[in-house]
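Here the structure comes first, spelled out in structure tokens, and everything after it is commentary.
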Amino acid sequence: MQTKKTEKTDPDQTREAGPDMAATLDSFRGQKHAVVLQEFPDPDAIACGFAHQIISREFDIQADIYYCGRISHQQNIALVKLMGIELIRCEGSIDLKSYDGAIFLDNQGTTAGALLNALEKAGVPPLIIVDHHEPQDRIKAQFKDIRSKIGAASSIYAQYLENGIIEINSSDKNHILMATSLTHGIITDTNGFINAREQDFHAAAFLSRYRDRDLLSQIMNQARSRQTMKVIHKALGSREIVQNFCFAGVGYLRAEDRDAIPQAADFLLTEENVHTAIVYGIVTGDNWEEAVIGSMRTNRITIDPDQFIKDVFGKDASGKYFGGGKMSAGGFHIPVGFLSGSGDQDFQQHKWNVFNEQIKQKIFDKIGVKADEKKQE
């Protein structure tokens, strides 16, 4: 193994003063870590988890990757299967006390609430945060690398690799898979490099020496599922367009189909004269806390999705924001709470009507639209 004592400085980097990643991992030798992804991990998060796991082995650290929601997006399913990535779904009671610490990747705990709560209850301290979303201040960790002006967390891991945190071997299958997954993470989180920054392009160029082109193509060329197409169709039918904002409620979805929401938002953003799209629905399922979940996409540089979502939906009783975001994208998760439960069809419809109207009204208030200015397209 080859390591470097220091990593190159980066003007976009907002890292707390302290040791670099290599030195940090070296101080944790022999430990067992829980790698925490968001509830519905995307390719960027999965790739970072996989890379962190491979890197950790070189430092004699066991790293297990956890998530609490579902993996339902067709590309994510293909990524996990083709790469052979081992993810542990946190459901029911799970013993986390054997872990020496937690690693938060592509999130800062706000989108991994259930798992974060379980780790805090088990007394497992947060050790590392690597993310590219806006700082959330939900958890404190010994090492933070939060860069909100970079397109993908995978680009950060590519930089670690380029700076020699481990020696990449082009004949090592795991290293090829790691480079391929990180490349996929950068492509998807920058919307095919449309939202990429200089660091993202540089990271992709570095990874191109090792990634498997055919495998990457196979992962990315997955057809949308029939259920996803139904959700997109429903979003098209229910959408409202006001002042170039397009928003659509898609009703009830199974937890297995949750990833259709951001895909529908991506699709609505392609409509002429639309600069921002918001899609939301009530997600239900066995062993799943019923919640309103939504995704926001924008191509308008003057709109900050993180601040927009925080302004619209605010905080819960404990002071935690219901959502947040990064450049060009964001999401929110609002527990239904006391109103959870299916009930009869009439009750479900009434419940959806209440949440749908409340969300729309909050969006109208944010963008300054009065009742008589609302327009259905």
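The values are calculated or read from the model by the stated rules, or taken from the named source; none is laboratory data. Quick caveat: nothing in here was measured; it's all calculated off a predicted structure. Positions of Cβ are generated from backbone atoms using ideal geometry, with glycine treated the same way; all protein chains shown enter the neighbour counts. Keep in mind that these areas ignore ligands, DNA and RNA; they rest on the heavy atoms of the full protein, side chains included. Shrake-Rupley method; radii C 1.70, N 1.55, O 1.52, S 1.80 Å.
Residues checked against (1) assigned to a loop (DSSP other than H, G, I, E, B); (2) more than 18 Å from HIS52 (Cα to Cα); (3) modelled with pLDDT of 95 or more:
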residue: GLY109; (1), (2), (3): yes, no, no
residue: LEU115; (1), (2), (3): no, yes, no
residue: ALA118; (1), (2), (3): no, yes, no
residue: VAL130; (1), (2), (3): no, no, yes
residue: PRO135; (1), (2), (3): yes, yes, no
residue: ILE139; (1), (2), (3): yes, yes, no
residue: SER148; (1), (2), (3): yes, yes, no
residue: ILE156; (1), (2), (3): no, no, yes
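Yes/no per residue for (1) within 14 Å of ILE359 (Cβ to Cβ); (2) touching a strand residue (DSSP E or B) at 6+ places or on another chain (Cβ under 6 Å):
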site: GLU271; (1), (2): no, no
site: TYR280; (1), (2): yes, yes
site: ASP286; (1), (2): no, no
site: ALA291; (1), (2): yes, yes
site: THR298; (1), (2): no, yes
site: ALA317; (1), (2): no, no
site: PHE332; (1), (2): yes, yes
site: SER340; (1), (2): no, no
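Checking SER208 against (1) polar (S, T, N, Q); (2) touching an Asp or Glu at 6+ places or on another chain (Cβ under 8 Å); (3) open to solvent by 10 Å² or more (accessible area, probe 1.4 Å), which single condition isn't satisfied?
(2)
Condition first: among the aliphatic types (A, V, I, L, M), surrounded by fewer than 19 Cβ atoms within 10 Å (Cβ to Cβ), more than 21 Å from the chain's Cα centre (by Cα) and part of a strand (DSSP E or B). Can you find one or more residues in the range 242-257 that meet it? Walk me through it before giving the result.
First, the residues of the range 242-257 that are among the aliphatic types (A, V, I, L, M): 242, 248, 250, 253, 255.
Keeping just the survivors that are surrounded by fewer than 19 Cβ atoms within 10 Å (Cβ to Cβ) gives 242.
Applying the additional criterion that residues be more than 21 Å from the chain's Cα centre (by Cα) yields 242.
Narrowing the set further to residues that are part of a strand (DSSP E or B) leaves 242.
For the range 242-257, residues among the aliphatic types (A, V, I, L, M), surrounded by fewer than 19 Cβ atoms within 10 Å (Cβ to Cβ), more than 21 Å from the chain's Cα centre (by Cα) and part of a strand (DSSP E or B): present.
Restricting the search to the range 47-77, which residues are part of a helix (DSSP H, G or I) and modelled with pLDDT of 95 or more?
If the condition is that a residue be part of a helix (DSSP H, G or I) and modelled with pLDDT of 95 or more, then ALA47, CYS48, GLY49, PHE50, ALA51, HIS52, GLN53, ILE54, ILE55, SER56, ARG57 are the ones that fit.
Of all residues in the range 260-306, count the ones that are part of a strand (DSSP E or B) and open to solvent by 20 Å² or more (accessible area, probe 1.4 Å).
Quick first cut of the range 260-306, residues part of a strand (DSSP E or B) only: 276-284, 291-298.
Among the residues that remain, those that are also open to solvent by 20 Å² or more (accessible area, probe 1.4 Å) are: 284, 297.
Number satisfying all stated conditions: 2.
What residue, among those in the range 217-241 that are out of contact with any Lys or Arg (no Cβ under 9 Å at 6 or more places or on another chain) and open to solvent by less than 20 Å² (accessible area, probe 1.4 Å), is modelled with the lowest pLDDT?
Ranking the candidates gives THR228 first.
Please find, among GLU167, GLU134, GLU91, GLU120, the residue that is free of Cβ contacts under 8 Å to residues at least 12 places away in the same chain and open to solvent by 10 Å² or more (accessible area, probe 1.4 Å).
Working: GLU167 fails: free of Cβ contacts under 8 Å to residues at least 12 places away in the same chain; GLU134 fails: free of Cβ contacts under 8 Å to residues at least 12 places away in the same chain; GLU91 fails: free of Cβ contacts under 8 Å to residues at least 12 places away in the same chain.
Checking each option against the conditions leaves just GLU120.
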